[in-house]
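Inspection log for the structure reproduced underneath, given as structure tokens.
The values are calculated or read from the model by the stated rules, or taken from the named source; none is laboratory data. What you see is a predicted model; the values in this text were computed from it and never measured. Counting neighbours? That spans all protein chains shown, and the Cβs are built from the backbone with ideal geometry, glycine included. Please note that ligands, DNA and RNA were not included when accessible areas were found on the heavy atoms of the full protein model with its side chains. Shrake-Rupley method; radii C 1.70, N 1.55, O 1.52, S 1.80 Å.
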Number of protein chains: 2
Amino acid sequence: MLSNHLQNGIETARLVWSRLPNSDDEALDEVGLSKKSDGSRSESLDYEVIENNAYREEQAQRGKLMVGYYVGVKWFFALLIGIGTGLAAVFINISVENFAGWKFQLTFSIIQKSYVAGFLVYILFNLLLVFSSVYIVTQFAPAAAGSGIPEIKGYLNGVDTHGILLFRTLIGKIFGSIGSVGGGLALGKEGPLVHTGACIASLLGQGGSTKYHLSSRWLQVFKTDRDRRDLVTCGCAAGVAAAFRAPVGGVLFALEEVTSWWRSQLMWRVFFTSAVVAVVVRTAMGWCKSGKCGHFGSGGFIIWDISDGQEDYSFEELLPMAIIGVIGGLLGALFNQLTLYITYWRRNYLHKKGSRVKMIEVCLVSLITSVISFGLPLLRKCSPCPEVELNSSIECPRPPGMYGNYVNFYCGKDKEYNDLATIFFNTQDDAIRNLFSAKTIHEYSAQSLLTFLVMFYSLAVVTFGTAVPAGQFVPGIMIGSTYGRLVGMFVVNFYKKLNIEEGTYALLGAASFLGGSMRMTVSLCVIMVEITNNLKLLPLIMLVLLISKAVGDAFNEGLYEEQARLRGIPLLESRPKYQMRKMTAKEACGNKKVVYFPRVVKVADVVSILQSNEHNGFPVIDHTRNGESLVIGLMLRRWNFLSNLPFVMLWHL
Amino acid sequence: MLSNHLQNGIETARLVWSRLPNSDDEALDEVGLSKKSDGSRSESLDYEVIENNAYREEQAQRGKLMVGYYVGVKWFFALLIGIGTGLAAVFINISVENFAGWKFQLTFSIIQKSYVAGFLVYILFNLLLVFSSVYIVTQFAPAAAGSGIPEIKGYLNGVDTHGILLFRTLIGKIFGSIGSVGGGLALGKEGPLVHTGACIASLLGQGGSTKYHLSSRWLQVFKTDRDRRDLVTCGCAAGVAAAFRAPVGGVLFALEEVTSWWRSQLMWRVFFTSAVVAVVVRTAMGWCKSGKCGHFGSGGFIIWDISDGQEDYSFEELLPMAIIGVIGGLLGALFNQLTLYITYWRRNYLHKKGSRVKMIEVCLVSLITSVISFGLPLLRKCSPCPEVELNSSIECPRPPGMYGNYVNFYCGKDKEYNDLATIFFNTQDDAIRNLFSAKTIHEYSAQSLLTFLVMFYSLAVVTFGTAVPAGQFVPGIMIGSTYGRLVGMFVVNFYKKLNIEEGTYALLGAASFLGGSMRMTVSLCVIMVEITNNLKLLPLIMLVLLISKAVGDAFNEGLYEEQARLRGIPLLESRPKYQMRKMTAKEACGNKKVVYFPRVVKVADVVSILQSNEHNGFPVIDHTRNGESLVIGLMLRRWNFLSNLPFVMLWHL
């Protein structure tokens, strides 16, 4: 065995830089040299390629043709990631919109006869969808719970969390989010789509899923962590591009939010992937437009088009807009803090009791959500429809779950609508469209918006962290646009000018809440513009984002950073903290002893050192002629084992 | 002297990391230890802060208050850069549009009586403006010639070219580009505005201009290259944001095109600067709208608004769009190659003959440009105005130099216009607006567009590299939109559908030429969307850019890279070239001897080594106990001199 390894020295050295994710854990465990851990450990990835002799030799052997093949596969994979993520997004969208559409249609037809029966059907429908989601997640793909963005962010910053990029996670994420979003919970499908894109990318990077025998040797050309990380970056961008139909926003999200380093070469490929996603989604939507996909396909490529909204703004409006920014910062920071507490409690108490408790919890949340979203509009008095000009396209009232404002719910007369039902008893996409809508001044009463804000905010906080795939973008836009519209109502009443639209303020509110919670800047700005198609509001969005992020930063970190820290994913900041500036490594170590290896060491010593501690890396020390110690390198636990040799051999390879 | 320096050891060490740009050259020259150079040398900047003991000590001494002040000044400077660049852009715009407006008004009023007199006035007006520009540049600010982007790109990648960020360069750039753009040359004001922003930022970073006694000790807080580089990045973004009124495009341009590394902290500040620019420019434009600024202020915040253009596109249109991409790649690569040859010839032959030759050259170019832009439309037959519906806003014919299509020039009848004059005898901004314009199908004849394309392309190539401030964005858009519109005309005739607009193809053509020449991706995409306000065309712009960049990359490098190389500015690529992969440092050195220092060395040896060669850096070598050589650091020529001591002292500080 040992001599065999000696002959295969180069092979062994190759393993150092070409290991597949999570592939060598079992081998380490066999001989008891692996680090003891609690199962949910994360492992660091190599940021750069380890350029040892084996790597250099392989590089030197590769001809121009092989390099060309390698580059070609990279671009081909970028194409596949785009197509795959685009199709996944279309599939999720078709499923969610059809489930939700059927649900509202069925409920609406039943409540014409009996509100009690309609209520029960509505609850059951929601419960069924949500249960299917939580069942898939808890039984089949536990890593698919939550948004997945903190884990992906961790991965792209060099920390691999166990199981986040597996094939089962991908499946769980897709079907789980159909259930959870279709079931009307206060969460979105955008975060999960980012995770979906990343999973597709990672599986491609491994040349398919080895576990399910879906792999090909020809596609297994990416052996380094760096190449796989590049693919996952493409996947992230594709996810955002598909979720919001915002290709440029996707590129920026991947580069601003998730990766620590910017490489212009990578940008070019990420850009390509995003463009592919845009083409795929657009083609699918064009195909669906004629009604082939049921409820999906109406509304066009821009999700919440407000290009016919406010054209201009005056200086007096900047004050209420700044106020929206401050509110966004405060509510966003509060959201981060509350979800942090709840997630902490869930992780340490509730979710330790097993998956049955998780399922019951989600079903309870679904029940509460259904009761509130059905019950509250019932308590609300209906309002008379606005007087409509003859050639206007506004229709009032309309049934719920359809594209359009002024939803009819529990209203007696013909020409009445229920303003709370318009946003609450509706799909989230339609609710946001209604909140953003222009030329619908005085559609909502302040009381309804305030009720909705409080209830939905609470629901979003409670839903966050349950065992279903859950994104925070759409709930954030819901919350933000509600208080934004509320402020807009006051502005309209106060300034009494003709060209002020409440919908503009709703959009700014949405931007402010996302800015206050997620603390993104340029990417969020571009996403907001791309989903609403009104470039003239760009300076206002920038202003609001600047304020809300600054206010939020005064209280805590961004949502993803907080959640990543809670999950034990270390994220390296771009600059050291103030108190770290004067710190030395000695102070950081405290009174712990440094375990190191000399340049030449016996195998027995290696084994005993490895067994005596849990460190993962060991500095190798040599001395200069005048006796000073010099660190000449670092050996990882993994490498030591792989060679089964004194390291000097591996070190000199 | 020596003992004095010994006492001030810390002071000396501080100089290592806090030198101001170009501040220590004279001192080095005094004792003859500085490197011999040919005057146009570039010097490398420190990428990271040099953390020696002096630096750490100063960091440790700084209280929380000082750190707060430091951060506050950074943001205050970001604000000032935004305001300064915004105001500079407004000033340049007002001047250019008024000069050009007067010019066309005067010429147009004179040609009602005599075309010869009008022609002479036109030529003289242009010549005067261009001469003022070239006079300022050659006599006062030689570094202000050209676009400045290659030099700024070099600076942000760690190479300081002499004189590019001085106060006189700033002044020369502003007034020079007013003359050159107002004088009707085939160049733009966008590149110079980027340089202007960078100059403002750099001057702020130095705490004002020391030469002109405009500095303050309180503002001289930025002592490291890194901080100054961050400010210059802000300045670049501000320049693009001001030039195109595209704040997000500005951020992306700074981060994609000019800086090698992405830091999310920096992004946030750059974003703020861009937002400030947008607010300043918008406010100025609102103030100017009522006519207070003469010809400036019409047209709104979006420069070339085509949001009322084509709404949708069919699959058949993708083929002609792809063809536009290929044409853009070919013409763009050709442009880069031709300008490279011409610039090479200019640098090595023509411009060596002194500034008088430079002035004559520019005046000749101006003369040719005037003759062509006045003469060619004269040869062109006028076309009858289109039949206009009653409530349409289209006016035909119009005088030149005004906002609007259908320019009247040398036309006999009342209801006729000259299509070549509409684009040629007009300001470039108006010409582009006319080329992009929707609902003006069949405005141009193919013959006119082709004539214009050939003539303007030649003029742009010849003008590039003359001794005036010159941007390549607007000429690129002109060229691209001309052949784009040409392709669009064929598409309109071929498909005979109602919703196809020639203006859409003009926009795609512009994107393709810029992509083929400058090889930008995401930033260009966002800039194109921001200047035209039509998000629906985003996937098409992405597609065209992908093709044109790929085609262009097959031939040569991007315009800025080629020019930077020609000027001797080394740009480090993000990845090594294929042939470099197997190369060792030994091979790169060839048979040249390595000049190194031992750890302890006599002053006399240092001086003799420094005088014996022109190297700028010297490795310091020590040996391990078993005799191996170890590099323990690198000393720069500059540092050696600063200390006047054996380096071991400096090394141990």
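Are any residues in the stretch A:40-94 in a helix (DSSP H, G or I), within 14 Å of chain B (Cβ to nearest Cβ) and β-branched (Val, Ile, Thr), and if so, which ones?
Of everything in the stretch A:40-94, those that are in a helix (DSSP H, G or I), within 14 Å of chain B (Cβ to nearest Cβ) and β-branched (Val, Ile, Thr) turn out to be A:Val67, A:Val71.
Filter the stretch A:102-135 down to the residues that are touching a residue at least 12 places away in the same chain (Cβ under 8 Å) and among the basic types (Lys, Arg) and list them by number.
Listed by number, the list holds a single entry, A:Lys103.
Conditions tested, residue by residue: (1) open to solvent by less than 10 Å² (accessible area, probe 1.4 Å); (2) over 26 Å from A:Asn499 (Cβ atoms).
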position	(1), (2)
A:Pro400	yes, yes
A:Asn405	no, no
A:Phe409	yes, yes
A:Gly412	no, yes
A:Thr422	yes, no
A:Phe436	yes, no
A:Lys439	no, no
A:Glu443	yes, no
A:Ser448	yes, no
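Is at least one residue of the stretch B:489-503 open to solvent by 10 Å² or more (accessible area, probe 1.4 Å), touching a Lys or Arg at 6+ places or on another chain (Cβ under 8 Å) and more than 24 Å from B:Leu546 (Cβ to Cβ)?
no
Is it true that B:Leu334 is in a helix (DSSP H, G or I) and surrounded by fewer than 16 Cβ atoms within 10 Å (Cβ to Cβ)?
In short, no.
Which is among the acidic types (Asp, Glu) and within 14 Å of chain B (Cβ to nearest Cβ), of A:Glu562, A:Glu501, A:Glu530?
Testing whether each residue is among the acidic types (Asp, Glu) and within 14 Å of chain B (Cβ to nearest Cβ) leaves just A:Glu530.
Please verify whether A:Val544 is part of a helix (DSSP H, G or I) and open to solvent by 10 Å² or more (accessible area, probe 1.4 Å), treating the condition exactly as stated.
no
Please find, among B:Lys549, B:Lys536, the residue that is open to solvent by less than 60 Å² (accessible area, probe 1.4 Å), at pLDDT 85 or above and not β-branched (Val, Ile, Thr). Before the answer, list the steps.
Working: B:Lys536 fails: at pLDDT 85 or above.
Criteria check complete, one pass: B:Lys549.
Look at the stretch A:71-91 and say how many of its residues are touching a Phe, Trp or Tyr at 6+ places or on another chain (Cβ under 9 Å) and buried (at least 24 other Cβ atoms within 10 Å of the Cβ).
Looking only at that region, the number is 3.
With respect to B:Val595, determine if the residue is modelled with pLDDT of 75 or more, more than 30 Å from A:Arg62 (Cβ to Cβ) and assigned to a loop (DSSP other than H, G, I, E, B).
Taking the combined requirement at face value, the residue satisfies it.
Report whether or not A:Val551 is assigned to a helix (DSSP H, G or I) and within 11 Å of chain B (Cβ to nearest Cβ).
So A:Val551 fails the test.
Going through B:Thr339, B:Thr283 one at a time, which residue ends up being within 14 Å of another protein chain (Cβ to nearest Cβ) and part of a helix (DSSP H, G or I)?
Just a single option satisfies the conditions, and that option is B:Thr283.
For the stretch B:54-70, name all the residues that are hydroxyl-bearing (Ser, Thr, Tyr) and either open to solvent by 40 Å² or more (accessible area, probe 1.4 Å) or within 27 Å of B:Ala278 (Cβ to Cβ) (or both).
Those that are hydroxyl-bearing (Ser, Thr, Tyr) and either open to solvent by 40 Å² or more (accessible area, probe 1.4 Å) or within 27 Å of B:Ala278 (Cβ to Cβ) (or both): B:Tyr69, B:Tyr70.
Going through the stretch B:437-453 one residue at a time, which ones are more than 31 Å from the chain's Cα centre (by Cα) and farther than 11 Å from B:Ile423 by Cβ?
Those that are more than 31 Å from the chain's Cα centre (by Cα) and farther than 11 Å from B:Ile423 by Cβ: B:Lys439, B:Thr440, B:Ile441, B:His442, B:Ser445, B:Ala446, B:Gln447.
Kindly evaluate A:Ile164 against the criterion of being without any contact (Cβ under 8 Å) to a residue 60 or more places away in the chain and not in a helix (DSSP H, G or I).
Judged against the criteria, A:Ile164 is a match.
State the number of residues belonging to the stretch A:590-615 that are open to solvent by 80 Å² or more (accessible area, probe 1.4 Å) and more than 14 Å from chain B (Cβ to nearest Cβ).
Within the stretch A:590-615, residues that are open to solvent by 80 Å² or more (accessible area, probe 1.4 Å) and more than 14 Å from chain B (Cβ to nearest Cβ) number 9.
Being at pLDDT below 90 and part of a loop (DSSP other than H, G, I, E, B): is that true of B:Gly184 here?
Numbers: at pLDDT below 90: no; part of a loop (DSSP other than H, G, I, E, B): yes.
Taking the combined requirement at face value, the residue does not satisfy it.
Could you list all residues from the stretch B:99-143 that are more than 27 Å from B:Cys293 (Cβ to Cβ) and either assigned by TED's automatic domain parsing to the domain that holds B:Glu361 or of a type in the set (D, E, K, R) (or both)?
Answer for the stretch B:99-143, where residues must be more than 27 Å from B:Cys293 (Cβ to Cβ) and either assigned by TED's automatic domain parsing to the domain that holds B:Glu361 or of a type in the set (D, E, K, R) (or both): just B:Lys113.
Among the residues of the stretch A:616-626, write down those that are open to solvent by less than 70 Å² (accessible area, probe 1.4 Å) and either in a loop (DSSP other than H, G, I, E, B) or within 14 Å of another protein chain (Cβ to nearest Cβ) (or both).
Matches in the stretch A:616-626: A:Val620, A:Ile621, A:Asp622, A:His623, A:Thr624.
Search the stretch A:286-297 for residues being in contact with a Gly (Cβ under 9 Å, 6 or more places away or on another chain) and surrounded by fewer than 18 Cβ atoms within 10 Å (Cβ to Cβ), and hand back the single one that is nearest to the other protein chains (Cβ to nearest Cβ).
Taking the candidates together, the pick is A:Gly286.
Check whether at least one residue in the stretch B:310-330 is under 30 Å from B:Ser133 (Cβ atoms), open to solvent by 50 Å² or more (accessible area, probe 1.4 Å) and charged (D, E, K, R), and report yes or no.
The answer is no; no qualifying residue exists.
Check A:Leu508, A:Leu535 and return the single one that is in contact (Cβ under 8 Å) with a residue 60 or more places away in the chain and either within 11 Å of another protein chain (Cβ to nearest Cβ) or within 30 Å of A:Lys153 (Cα to Cα) (or both).
A:Leu508
When you look at B:Val279, is it open to solvent by 40 Å² or more (accessible area, probe 1.4 Å) and closer than 27 Å to A:Gly249 by Cα, yes or no?
Yes: the conditions hold for B:Val279.
Kindly provide the set of residues from the stretch A:226-262 that are facing another protein chain (nearest Cβ under 9 Å) and in a helix (DSSP H, G or I), ordered by number.
A:Pro247, A:Val248, A:Val251, A:Leu252, A:Leu255, A:Glu256, A:Glu257
Could you tell me whether any residue of the stretch A:517-527 is within 14 Å of chain B (Cβ to nearest Cβ), in a loop (DSSP other than H, G, I, E, B) and of a type in the set (A, V, I, L, M, F, W, C)?
Yes - at least one qualifying residue is present in the stretch A:517-527.
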